[in-house]
């Protein structure tokens, strides 16, 4: 029985009569069919097109789509990606697309971004994730509606197979662009497309069986998500999760808590089950660690908690101090070196005895081999931070007063090595 796309989309009740939505239009058959369906459903929309500059045809397609929109009085917003992106191209390109869609949505006072993902995309993603070994619950696939930060991603065609879209395009004379790279077997997704023909040849009800399975997975996911969300809500304010409580969870809940937690940073960020199991084992140890989850994110274990954050970009900085004065530091902090004690009794103030040799000294962040002298002897800075239980991710942010590899003061910790020679004092404090 042929599917009526117009009725199919209308029955899903995804759109309000008077709202404007953003259509992410690639120019392929899926998004061009979706454009026609939205017009037939009298949905008000604006086209958002991204030129990835990865194919020779990209610039021509950009111009043709813009011209088409002008001819049909459809608002058009275009974005051309930089030719060279740092890191993983697909990841960076996806993030830039989402940022672009968010900006377009804000400009047109809407929060809905409509995507052309269809059933074949869903099936391919399912098996790619299955082979990769991701969490069981991520096999439920791409949902019909999905929140990403301040927008809602809507996929009206997610239960429609590509052949139906091709038939619709041919029957309604819809022009679309074919990406020849979709036939290039060097790309993983293209190789998985061969599976679909095999499955459908084995059973002509394969699409229905797959949709039924995904629906059941979604029901299971809803139950698990409620429990996982309730668990995470306790830790969202300070973005740290108690390790003991996490390890007490059922293994399936552990998977989903981690998956849900990562999705708060990037809706496409997933983790393979073997990798998750390795992380769980590391969390059981007493050692602190930093683990690269992705090109952009790292997971930190610090004593009894763990958390995810974006990778730090450390810019080495040092400043030579040769006299009293006020010195401005890169992280919006100010260091005051004075002959007089602060009248405001600054909490980060240290008192340093000095003689003629105390100047110059250096203000900087820590380096390997740093040490500090106490009355009972010398101590490595690394060991001092461990003793004070300073979280590892904070240790590089402390401003140190040093002479060579010897630390003579850490103002924010009110730690100081007193030089007993001389009859004067200087006071060092952060504001």
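Test residue 91 against the stated conditions and say whether it is surrounded by fewer than 20 Cβ atoms within 10 Å (Cβ to Cβ), under 23 Å from the mean Cα position of the chain (by Cα) and either at pLDDT below 90 or in the same structural domain as residue 293 (by TED's automatic domain parsing) (or both). In short, yes.
If you go through the stretch 97-141 and pick out every residue that is assigned to a loop (DSSP other than H, G, I, E, B) and crowded, with 20+ Cβ neighbours inside 10 Å, you end up with 6.
When the stretch 234-274 is filtered for residues that are within 18 Å of residue 288 (Cα to Cα) and exposed (fewer than 15 other Cβ atoms within 10 Å of the Cβ), the ones remaining, listed by number, are 239, 242, 244, 245, 247. Listed conditions (1) at pLDDT below 90; (2) touching a helix residue (DSSP H, G or I) at 6+ places or on another chain (Cβ under 7 Å) are all met by residue 83, apart from (2). The residues in the stretch 229-252 that are touching a helix residue (DSSP H, G or I) at 6+ places or on another chain (Cβ under 7 Å) and either under 24 Å from residue 131 (Cβ atoms) or at pLDDT below 90 (or both) can be counted, and the count is 1. For residue 242, the conditions (1) outside the structural domain of residue 60 (by TED's automatic domain parsing); (2) under 26 Å from residue 143 (Cα atoms) are fulfilled apart from (2).
Counting residues in the stretch 129-150 that are at pLDDT 90 or above, in contact with a helix residue (DSSP H, G or I) (Cβ under 7 Å, 6 or more places away or on another chain) and within 30 Å of residue 252 (Cβ to Cβ) gives zero. Looking only at the stretch 367-409, residues that are in contact with a strand residue (DSSP E or B) (Cβ under 7 Å, 6 or more places away or on another chain) and over 19 Å from residue 307 (Cβ atoms) come to 20 in all. In the stretch 7-46, the qualifying residues are those that are in contact with a helix residue (DSSP H, G or I) (Cβ under 8 Å, 6 or more places away or on another chain) and under 19 Å from residue 150 (Cα atoms), and the one that is surrounded by the most Cβ atoms within 10 Å (Cβ to Cβ) is 22. In the set (1) surrounded by 15 or more Cβ atoms within 10 Å (Cβ to Cβ); (2) in contact with a helix residue (DSSP H, G or I) (Cβ under 7 Å, 6 or more places away or on another chain), the condition left unmet by residue 279 is number (2).
The values are calculated or read from the model by the stated rules, or taken from the named source; none is laboratory data. Just so it is clear, the model here is predicted, and its values are computed rather than measured. Glycine gets a Cβ as well: all are built from the backbone with ideal geometry, and neighbour counts include every protein chain shown.
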